[in-house]
Amino acid sequence: MDKIDELLSRGVENIISNKETLEKALRSGKKLNVYFGIDPTAVHIHIGNAVPLRRLQTFVELGHHVTFIIGDFTALIGDTSDKESERPVLTKEQIQKNFKDYKAQAEKLVDFSKIELHHNSEWLKNLRFEEIVELIRHYSLNDFISRELIKKRLASGGSVRLDEVIYPVMQGYDSYHLDTDIQIGGPDQTFNMQAGRVLQKDFRNKESFVLVTGYLEGTDGRKMSKSWGNAIWLDDSPEEMFGKVMSLKDDLIIQYFTLATDLPMEKVGEIKKRLESGENPMVLKKELAHEIVSELHSKQAADKAQSAWEKTFQKGEIGEVEEIKAESVEDLVSKGIVASKSEWKRLVDQGAIEVDGKKLESDKILPGTYRIGKKKFIKII
């Protein structure tokens, strides 16, 4: 499998219009315009967000012209693609700070010295009203309100602001302005990326492509989310990152090797065979954790994190870790893990409770492997 084959298959959920035509374009030797953008509405990137960043870096390595867009203008509206309610409106100062933090993390995966960096306010703020009218004529309101989350919001009595309706038009114009050949994004961005294809086709009669990357599930198998405590963040410490990977459900091992590492797919295939042949999943998870930490920190950091994890959880210091379901301290009290809520609070205040190797600093119960005091270990799922 060469780099183009891998680019078109690894972690890819869909290619619009089709894979065969895009592959032909990539093998033609022509330098293509590739576009990826983010609205800097948050400062943390988890390794699921990083899936399209890995594909972006592959385009860089293949020598294509890659543009990274900071959606400072679109962020003033906020994308509705993955939200069931209106997004908060950000100030320009918040947007700039958020991107600074975002870039510091994304540089673990993307070589920003080899791509163009632009703010979409550079062109969107200069559009005249007559030009905006011309743009929105190419789209149907029916298409927008037929999207699942929009339908759900309207059905529940929620509102949709008119500026939210034109968000896909603005993103579509980004693609048109850059004369994009290929757009990269997650499944929630498919509608917006299609808007770019429409303008390229209508104004330039040009066929452009959308590369839709797949989702990486959280450590517990649900959608990766900060509120569920199942995300692995790019700025996690090596020890914390290693411990979170070790808490993965066994059936996510191959998905994580595929989407969250750059390990060659031939090697991933060998690991899959080992898992299917009955090899202990813990052995493979340690290899996975070491690979992820090595790529996002360093091999030395991965060695140290693995040693610390093995000392704490494996080398005879604890027996089989009990798995329990719990969502609150009350659940832990009812199961006899602690005597009372006040005891739990006292242990937290004393720094005597760790989750995945990191001291717990709140009463919130999240999935992970807990050490309570010196000798009690549980795994909350």
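The values are calculated or read from the model by the stated rules, or taken from the named source; none is laboratory data. Nothing here was measured: the structure is a model prediction, and the numbers come from that model. Backbone-built Cβ (ideal geometry, glycine too); neighbour counts: all protein chains shown. In case anyone asks, the SASA skips ligands and DNA or RNA and just uses the protein heavy atoms, side chains included. Shrake-Rupley method; radii C 1.70, N 1.55, O 1.52, S 1.80 Å.
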Contour minus Cα-Cα span, Leu62 to Ser113, at 0.36 nm per residue, comes to 16.9 nm
To the nearest Å², the heavy-atom accessible area per residue of the chain with 1.4 Å probe amounts to 49 Å²
Rounded to whole Å, √(5λ) for the Cα gyration tensor eigenvalues of region 49-175, largest first, gives 28, 18, 16
For the chain the mean separation of alpha carbon contacts under 8 Å (6+ apart) over residue count, i.e. relative contact order in percent, is 16 percent
The Cα radius of gyration of region 252-381, divided by 2.2 N^0.38 Å with N its residue count, comes to 1.22
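Within the accessible area of the chain, what % is carbon and sulfur when the probe is 1.4 Å and the other protein chains stay in place?
Reported share for carbon and sulfur atoms: 51 percent.
Using a 10 Å cut-off on Cβ atoms, rank the peptides 345-351, 97-103 from the highest mean neighbour count down. Could you put the intermediate results ahead of the total?
Details: 345-351: 12.4, 97-103: 17.1.
Listed from highest to lowest mean packing, they are 97-103, 345-351.
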Too long for a 29 Å Cα-Cα cut-off, among Lys30/Lys100; Lys286/Lys358; Lys299/Lys325, are Lys30/Lys100; Lys299/Lys325
At q = 0.14 Å⁻¹, the log10 of I(q)/I(0) for region 105-257 from a Debye sum over equal Cα scatterers comes to -0.94
Everything considered on the Cα gyration tensor (a ≥ b ≥ c; rounded for a/c under 1.5, else prolate if a/b is larger than b/c, else oblate), region 96-160 must be described as oblate
Burial-style ranking of 268-277, 290-299, average other-beta-carbon count within 10 Å with highest first, yields 290-299, 268-277
By the Cα gyration tensor axes a ≥ b ≥ c (a/c under 1.5 gives rounded; else a/b larger than b/c gives prolate, otherwise oblate), the shape of region 169-298 is prolate
Taking 148-154, 129-135 and ranking on average Cβ neighbours within 10 Å, highest first, one gets 148-154, 129-135
